[in-house]
Amino acid sequence: MPELPEVETVRRGLEPAMEGARFTKVDIRRGDLRWPLPKDFAQRLQGKTVTSLGRRAKYLLADLSSGDVLLMHLGMSGSFHVFRQAGGKALGRYHHERAQHAAHDHVVFHMSSGAIVTFNDPRRFGSMKIVARDKLEAEPLLNGLGPEPLGNSFDAAMLARACLGKKTSLKAALLDQRVVAGLGNIYVCEALYRARLSPKRLASTIADRTGAPNARAEHLVDGIKAVLTDAIEAGGSSLRDHKRPDGDLGAFQHHFRVYDREGKKCPTPGRRGTIERIVQNGRSTFYCPVCQK
Ligand SMILES: [Zn+2]
């Protein structure tokens with residue numbers, strides 16, 4: 001399942017194809033994604049220019065010249081592919097790759113940039129929705145989300161306040177999208193490892209009684225920001241069906257320090273720990289019991 005760094009990687013891949021470009025044609029092959037696409041979906045996009053392509057948590061937000069915003073979510077298995085029409089060679093490749101993927105290409109954007117952007121999603125948990133820009137604050141998909149972990153306002157004080165009095169584990173707190181937006185199982189495990197904090201520790205122990213942050217909160221915020229920044233730089237992870245949106249499939253791999261490394265040696269030099277897997281709230285947690293306290 002794509003997490004924030006993968007979505008940011010997709011955004012960066014789509015930006016040159018979509019930003020500043022007009023939708024010349026929108027093909028809907030299958031409108032029943034996680035929710036059905038609205039009847040006027042293609043009509044509200046065609047002829048409109050993408051003025052900017054942003055991201056909020058795991059949503060891509062394309063601002064349109066009409067005052068609408070196109071919200072896109074990759075779900076479990078969604079991916080975008082960008083194909084270039086110009087040049088005979090590229091066109092050939094376009095047909096070749098399309099033939100492999102066409103069955104799950106549900107939405108196809110033809111852009112005035114010459115790019116064809118396809119949304120491919122075998123499991124159809126992905127979604128698209130058009131919302132008026134001035135109604136975005138009230139949008140239920142977005143308005144319960146906590147702070148962006150890479151935003152300037154997300155700091156130890158904010159995280160400590162959000163964890164104050166929480167009776168859950170630190171792992172569960174970080175997965176709560178109201179505490180911090182966009183983190184999933186993989187990067188929560190990796191951030192806790194970098195912060196040297198046990199995933200089993202009570203969330204409230206990163207704050208004092210008044211809610212002020214302690215050193216653990218500082219380390220945790222640093223760990224979250226560092227792991228996300230590194231992953232974005234590495235181009236996101238290639239786990240499962242996720243693909244980078246440049247037509248170059250499965251070209252990147254990201255190495256995790258603890259995630260999915262049960263039984264392997266702890267990667268911190270000079271440490272003798274072994275990565276363990278436990279189950280918390282029905283999901284696997286990977287951590288080093290020697291480093292993480
Ligand atoms: Zn260790």
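The values are calculated or read from the model by the stated rules, or taken from the named source; none is laboratory data. This is a predicted model, so every value here is computed, not measured. Counting neighbours? That spans all protein chains shown, and the Cβs are built from the backbone with ideal geometry, glycine included. Ligands, DNA and RNA are excluded from the accessible area calculation, which covers all protein heavy atoms including side chains. Shrake-Rupley method; radii C 1.70, N 1.55, O 1.52, S 1.80 Å.
Assorted remarks:
- All conditions but one from (1) modelled with pLDDT of 95 or more; (2) away from the ligand (no atom under 16 Å from the Cβ) apply to A234; the one that does not is (1).
- Candidate set: the range 127-147, residues that are in contact with a strand residue (DSSP E or B) (Cβ under 7 Å, 6 or more places away or on another chain) and of a type outside the set (A, V, I, L, M); chosen: the one most open to solvent (accessible area, probe 1.4 Å): R133
- Looking only at the range 251-293, and only at residues there that are aliphatic (A, V, I, L, M) and open to solvent by 50 Å² or more (accessible area, probe 1.4 Å), the one that is farthest from the ligand (Cβ to nearest atom): A251
- Positions within the range 38-58 being open to solvent by less than 30 Å² (accessible area, probe 1.4 Å) and not in a loop (DSSP other than H, G, I, E, B), in sequence order: F41, A42, L45, V50, L53, G54
- Residue check for K225: surrounded by fewer than 23 Cβ atoms within 10 Å (Cβ to Cβ) and touching a helix residue (DSSP H, G or I) at 6+ places or on another chain (Cβ under 8 Å): no
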